[in-house]
Amino acid sequence: MKRVIAGVIVAASLLWGQGDANATQGAAQARSSGMFRHVSTIPYTGRPIMLMFDTRTCPYCKKTREDVVNHPELHAVAQQFDLYNIPRDEPQAYTILGNDTTLQSLIMLYKVKVTPNIVLLTSHGEKIWQLPGYVKPEVLAKIMAFVKGVDEGKYKKSEWKDYLRKNGII
């Protein structure tokens, strides 16, 4: 009788664990919907990178993802970037442009305290801009265009104030 009970417990734990794994995979696939991907490896593609630190319960993260799809100017510039979700509530290891790291290390590196938290990188991984909190789509589009210009050599990183003034942001 003890063997039967032990067998049932082992089988139940295996099924329970498999359900959690499937739920985690399903959550990752759901987070990859739209233009943002949720992956553990971010490869070099020659395109600038947008990392969006988010959580499952963040309404402004969802709003930002919707803005990227629905706002014409933002959508157009976002198509020139590789966009990635970095869920703060799903600890995992990452490989970014060949460098191994963890979620906790990324949070510390970018000093992420709020979500959404957008980090814009050149194609080589140099941080150009970080935006904590929700940003209106027309402003985000202009900032992303600046980062794309820095990546292409059109602008210097130090010219950001002039760029924002010229584009009516400040």
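Every read-out reported here was derived from the displayed coordinates using simple, explicitly stated rules and does not represent laboratory data. Just so we're clear, the structure is a prediction, and the values are computed from it rather than from any experiment. As a convention, Cβ positions derive from the backbone with ideal geometry for all residues, glycine included, and neighbour counts pool all protein chains shown.
Tell me, rounded to the nearest percent, the portion of alpha carbon pairs in region 91-149 spaced more than 20 Å apart.
32 percent
All other residues with a Cβ under 13 Å from the Cβ of S123 taken together, and with Lys, Arg as +1 and Asp, Glu as -1, what is their net charge?
That sum, taken over residues with Cβ under 13 Å, equals -1.
Based on DSSP, what percent of beta bridges with both residues in region 38-132 are antiparallel, to the nearest 5?
Within region 38-132, antiparallel bridges account for around 65 percent of the total.
After finding the eigenvalues of the alpha carbon gyration tensor for region 34-166, what semi-axes result from the square roots of 5 times each, listed largest first in whole Å?
With the √(5λ) rule applied to region 34-166, the semi-axes are 22, 18, 14 Å.
Which entries of K142/K166; K63/K156; K136/K156; K127/K161 show an alpha-carbon separation above 22 angstrom in the structure shown?
K63/K156; K136/K156
Just want the answer: with Cβ charges of +1 for Lys and Arg and -1 for Asp and Glu, which residue in N70, F146, G46 is farthest toward the dipole's positive end in region 34-166?
The listed residue farthest towards the positive side: F146.
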